[in-house]
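Note sheet for the following structure.
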Amino acid sequence: MSLKLWTHCSVATLQADAVQPYGLVADAALVVQGAQVLWVGPRAALPHDLEARCVVRHDAGGALITPGLIDCHTHLVYGGDRAQEFELRLQGASYEDIARSGGGIASTVAATRAATPQELTAQSTKRLQQLMAEGVTTVEIKSGYGLALAHERKCLQVARALGQAHAVDIRTTFLGAHALPPEFAGRADDYIAEVLRMLPVLHAEGLVDAVDAFCERIAFSPAQTARVFEAARALGLGVKLHAEQLSDSGGAALAAGFGASSCDHLEWLSEEGASAMAAAGSVAVLLPGAFYFLRETQLPPVDLLRRQGVPIAISTDSNPGSSPCTSLLLMLNMACTLFRLTPEEALAGVTRHAAQALGLRDRGVLAPGKRADFVLWDVQRPAQLAYALGANPAIQTIFKGEAR
Ligand code: DI6
Ligand code: FE
């Protein structure tokens, strides 16, 4: 198989054990074989016989190269928008008020149910392409706006098809326990029983990579969440949780008990929740877009996460209600500005730790044997990726060894 070589670049490998911040290699060389990295290191250390085998040679023009970005928490497939709810909130209504009065997620459920697969694909493609334009190579997409078998299936099929149609890897998550659909009003336990009927069917159709739930006073209780997780476990599926976003329901500790790959949001995370996550190896996925857009004031406990050694990931939470966002680079900036992450923590949060949040060991860092998903950036140093607001310095993205 022919080898490809990139030189005239610096490479932020993001390797966990690296001595340099960001795993940065100045004046680097990167060798790719097929869809994998074969070698990365200082140009001067590139073995001559390996260099001689490189048939295709790229001058990166001084670019910084990072791993492809990973958006590990999105609700990208949905119908309609919630601009009207945004206006209501600007007049004083709260996100929870709107949810309780039948708006919020329920209005997106109605629009999503009414949309054809073609309409959903058209809307979601625009959002996916905006993410991809900033060097995103892996995107997690949750269901949860269908809330009935046919509609959850429709959304997951659209998500899978987006991955077929684009040079990007899509991981699907079943979030049937996102909200109570109107036909189950006042019957949350019955709806959970329905979720338990949907899950094996969708799983058998190859549509589910993982299972999520929204554990919150406006959504589902810890006991109801546990029923969903038991069902996931019975099918051998990994779990993750929307936990401690608006209140502390003990969701993170519950999810950690099920070996969750991640717990997400976490503004109200307790000390016990964090230590349970640390013991289970769960990643904390922080979502600065939702914090900002809902004008939350309770900050996620970043120092607690650091102290407990819980890996931190950052994601867009792209969704119509709490984070209508399709810029992972903007989230890097907001993670630093709002949550006081360092730019290095933020970049690890959209690469190495985002991969871990999805249970993917083959990406998120640039090292031999890892996927050749990477981005060439028109910046001098990695911190510039988190520093700029609204800029997109991506020059080119390589997905599985091929330019896209
Ligand atoms: N938490 C969120 O931030 C999104 N879902 C969730 O469980 C918001 C979903 C929405 O408002 O449409
Ligand atoms: Fe979310």
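The values are calculated or read from the model by the stated rules, or taken from the named source; none is laboratory data. As the structure is a computational prediction, the values presented were derived from the model and not from experiment. When we count neighbours, we look across all protein chains shown, and the Cβ atoms used for this are built from the backbone with ideal geometry, even at glycine. Each accessible area value is taken on the protein alone, full model and side chains, heavy atoms only, with ligands, DNA and RNA left out. Shrake-Rupley method; radii C 1.70, N 1.55, O 1.52, S 1.80 Å.
Taken as a whole, the condition of being in contact (Cβ under 8 Å) with a residue 12 or more places away in the chain and under 22 Å from R352 (Cβ atoms) does not apply to T121. Filtering region 367-386 to residues that are in contact with a helix residue (DSSP H, G or I) (Cβ under 8 Å, 6 or more places away or on another chain) and hydrophobic (A, V, I, L, M, F, W, C) leaves W377, V379, A383, L385, A386.
Within region 1-52, if we keep just the residues that are open to solvent by less than 60 Å² (accessible area, probe 1.4 Å) and part of a helix (DSSP H, G or I), the residue that is farthest from I398 (Cα to Cα) turns out to be A45.
Within region 132-160, the set of residues being over 18 Å from the mean Cα position of the chain (by Cα), part of a helix (DSSP H, G or I) and among the aliphatic types (A, V, I, L, M) comprises L149, A150.
Taking interchain pairs and intrachain pairs at least six residues apart, which have beta carbon atoms under 8 angstrom, with the first residue in region 75-94 and in contact (Cβ under 8 Å) with a residue 60 or more places away in the chain and the second assigned to a loop (DSSP other than H, G, I, E, B) and of a type in the set (S, T, N, Q)? Listed pairs, sorted by first residue: H75/S318; L76/S318; V77/S143. The lone criterion from (1) of a type in the set (G, A, S); (2) open to solvent by 60 Å² or more (accessible area, probe 1.4 Å); (3) within 15 Å of ligand 1 (Cβ to nearest atom) left unmet by A185 is number (3).
Scan region 86-109 for residues that are within 16 Å of ligand 2 (Cβ to nearest atom) and of a type in the set (D, E) and the total you get is 1.
From the list V283, V228, the one residue that fits, being more than 12 Å from ligand 1 (Cβ to nearest atom), β-branched (V, I, T) and closer than 29 Å to L332 by Cβ, is V283.
Checking I70, I65, I105 one by one, the residue that is more than 12 Å from ligand 1 (Cβ to nearest atom) and touching a helix residue (DSSP H, G or I) at 6+ places or on another chain (Cβ under 7 Å) is I70 and no other.
Is it the case that L175 is under 24 Å from Q129 (Cβ atoms) and either more than 16 Å from ligand 2 (Cβ to nearest atom) or without any contact (Cβ under 8 Å) to a residue 40 or more places away in the chain (or both)? Considered against the rule, which asks whether it is under 24 Å from Q129 (Cβ atoms) and either more than 16 Å from ligand 2 (Cβ to nearest atom) or without any contact (Cβ under 8 Å) to a residue 40 or more places away in the chain (or both), L175 comes out as no.
Selection of region 198-225 for residues being under 21 Å from Q157 (Cα atoms) and within 16 Å of ligand 1 (Cβ to nearest atom) yields A210, V211, D212, A213. Here is a check on your reading of the model: is F214 crowded, with 21+ Cβ neighbours inside 10 Å and either under 18 Å from N319 (Cα atoms) or of a type outside the set (D, E) (or both)? Taking the combined requirement at face value, the residue satisfies it. When we screen E152, E140 for residues that are farther than 21 Å from R363 by Cα, crowded, with 21+ Cβ neighbours inside 10 Å and charged (D, E, K, R), the only hit is E152. Evaluated against (1) more than 16 Å from ligand 2 (Cβ to nearest atom); (2) farther than 17 Å from L207 by Cα; (3) at pLDDT 95 or above, A150 falls short on exactly one condition, (2).
Those helices (runs of 4 or more DSSP H) of region 276-341 in which at least 2 residues are without any contact (Cβ under 8 Å) to a residue 12 or more places away in the chain and not β-branched (V, I, T), considering only elements entirely within it, cover 302-308.
On the stretch given as region 376-388, residues that are under 20 Å from the mean Cα position of the chain (by Cα) and surrounded by fewer than 18 Cβ atoms within 10 Å (Cβ to Cβ) total 0. Candidates V77, V55: the one that is in a loop (DSSP other than H, G, I, E, B), closer than 29 Å to E402 by Cβ and either open to solvent by 60 Å² or more (accessible area, probe 1.4 Å) or within 16 Å of ligand 1 (Cβ to nearest atom) (or both) is V77.
Where helices (runs of 4 or more DSSP H) sit wholly within region 81-131, those with at least 3 residues that are open to solvent by less than 40 Å² (accessible area, probe 1.4 Å) and within 26 Å of F184 (Cα to Cα) occupy 95-100, 105-114. I want to confirm something. Restricting to region 313-349 and keeping residues that are among the β-branched types (V, I, T) and within 16 Å of ligand 2 (Cβ to nearest atom), which single residue is most open to solvent (accessible area, probe 1.4 Å)? Checking each candidate, the answer is T326.
Would it be correct to say that R361 is open to solvent by 20 Å² or more (accessible area, probe 1.4 Å) and either within 16 Å of ligand 1 (Cβ to nearest atom) or part of a helix (DSSP H, G or I) (or both)? No.
In region 235-263, of all residues being in contact with a Lys or Arg (Cβ under 6 Å, 6 or more places away or on another chain) and over 17 Å from P301 (Cβ atoms), the one that is surrounded by the most Cβ atoms within 10 Å (Cβ to Cβ) corresponds to A260.
Let's see how each residue does on (1) at pLDDT 95 or above; (2) within 16 Å of the chain's Cα centre (by Cα):
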position: S323; (1), (2): yes, yes
position: S327; (1), (2): yes, yes
position: L338; (1), (2): yes, no
position: G359; (1), (2): yes, yes
position: G390; (1), (2): no, no
